[in-house]
Amino acid sequence: MEEYHGEDCCCPNTSRQENGILYGLLASPSSTGTLETCNVHQAADTDSGSQNISCCVHHQIRPCHHHHHHHHHHRHHHNFQQNTIKVSLKYPDIIEQEAAELLLKSMVFVKNLPSFWQLRREDRLQLFLNGWSDLLILNMAQHNFQFDVKEHIQDTQSQDQTNAKMCPTQPPMPALSDVKKVKNFIHRCQLLRLDDKEYAYMKSIVFFNPELPSVLNGAAVEECQNNAQLCLSEYLAAMYPDDPLRFARVLLGLPTLRDIKPQVLIELFFRPLIGDVCMEEVLAAMLEQE
């Protein structure tokens, strides 16, 4: 997964208003009620949702500037690279709400990891900004999240020219090939029939990423990741004594997970909800909530 750097979001500061979709999630009684301890030994997530899914966030945080990068291609690749299949949700109202609820579950999981609070505040923020999408996709697999998309075939060259003239800040739709990566990973997890504890250990392993250059105390983060890997190994050895390769099969999917770009999730599930708002600012505000 690409690391987030604060300078990537070049947005002017404005005052925050707690009236947005993800603030609504955090403020709803169902999302702040009874929560079990979610650490690497207690894996189950509680159901939490939102009654304020249609709230506006356009004035909540900073407006986000979308940058369109133009690349030059060789002529013999023109037909394949200029004509791109883009997708959007077939049933956006329902799916966007479910995705927002699963994002909230990801935040709850992180906040209930005791080792998370032992890290420096700066490292906690960087880990969440860089790991939220991995956690979300694992939650999607765990909760059998299904979604359908509709295809839009676009000539990207003419589309870029149209956007530049008429709506320069309009975000692009994700490519079908990128969305297929999400679906394929979810399907792979479901084929493995992972239980809640396996999902919890996997979330901890991908979340505590010591390879992030922005992490200040990499040794402490690496220790958290090593502990999660050890717990997963011991758990699988006890639960599947006749399947010594299960540990390897579980971990083999993680590089594929980290190959999925967070921007794909933002544009497919969250852009209609947050509007011209920096997703990183929303995530940071979620993490600051008690």
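The values are calculated or read from the model by the stated rules, or taken from the named source; none is laboratory data. Here the structure is a predicted model, which is why all the values come from computation and not from measurement. Cβ placement follows ideal geometry from the backbone for every residue including glycine, while neighbour counts extend to all protein chains displayed. The protein model used for the area step is the full one, side chains on, heavy atoms only, and it has no ligands, DNA or RNA in it. Shrake-Rupley method; radii C 1.70, N 1.55, O 1.52, S 1.80 Å.
Scanning region 82-132 for residues that are charged (D, E, K, R) and either in contact with a Cys (Cβ under 7 Å, 6 or more places away or on another chain) or assigned to a helix (DSSP H, G or I) (or both) yields ASP93, GLU96, GLU98, GLU101, LYS105, LYS111, ARG121, GLU122, ASP123, ARG124.
Within region 238-290, being assigned to a loop (DSSP other than H, G, I, E, B), of a type in the set (A, V, I, L, M) and modelled with pLDDT under 95 holds for one residue alone: VAL277.
Of the residues in region 190-210, at least one is assigned to a helix (DSSP H, G or I), farther than 30 Å from ARG121 by Cα, modelled with pLDDT of 95 or more and touching a Gly at 6+ places or on another chain (Cβ under 9 Å).
Quick check: is even one residue across region 205-215 touching a residue at least 60 places away in the same chain (Cβ under 8 Å), β-branched (Val, Ile, Thr) and open to solvent by less than 30 Å² (accessible area, probe 1.4 Å)?
First pass over region 205-215, keeping only residues touching a residue at least 60 places away in the same chain (Cβ under 8 Å): 206-209, 212-215.
Filter again for β-branched (Val, Ile, Thr), leaving 206, 215.
Pick out the ones that are also open to solvent by less than 30 Å² (accessible area, probe 1.4 Å) and you get 206, 215.
Checked against the condition, which is being touching a residue at least 60 places away in the same chain (Cβ under 8 Å), β-branched (Val, Ile, Thr) and open to solvent by less than 30 Å² (accessible area, probe 1.4 Å), region 205-215 yields at least one hit.
Hey, could you check region 163-177 for residues that are open to solvent by 40 Å² or more (accessible area, probe 1.4 Å) and closer than 18 Å to VAL87 by Cα and say which is modelled with the lowest pLDDT?
Start the filter on region 163-177 by keeping residues that are open to solvent by 40 Å² or more (accessible area, probe 1.4 Å), which leaves 164-170, 172-173, 177.
With closer than 18 Å to VAL87 by Cα added as a condition, the list becomes 170, 172-173, 177.
On the way: GLN170: 52, PRO172: 75, MET173: 90, SER177: 94.
Across region 163-177, the extreme among qualifying residues is GLN170.
Select from region 117-134 the residues that are of a type outside the set (S, T, N, Q) and touching a residue at least 12 places away in the same chain (Cβ under 8 Å) and list them in ascending order.
Of the residues in region 117-134, the ones of a type outside the set (S, T, N, Q) are 117, 119-125, 127-129, 131-132, 134.
Listed by number, the residues that qualify are LEU119, ARG120, GLU122, ASP123, ARG124, LEU125, LEU127, PHE128, LEU129, GLY131, TRP132, ASP134.
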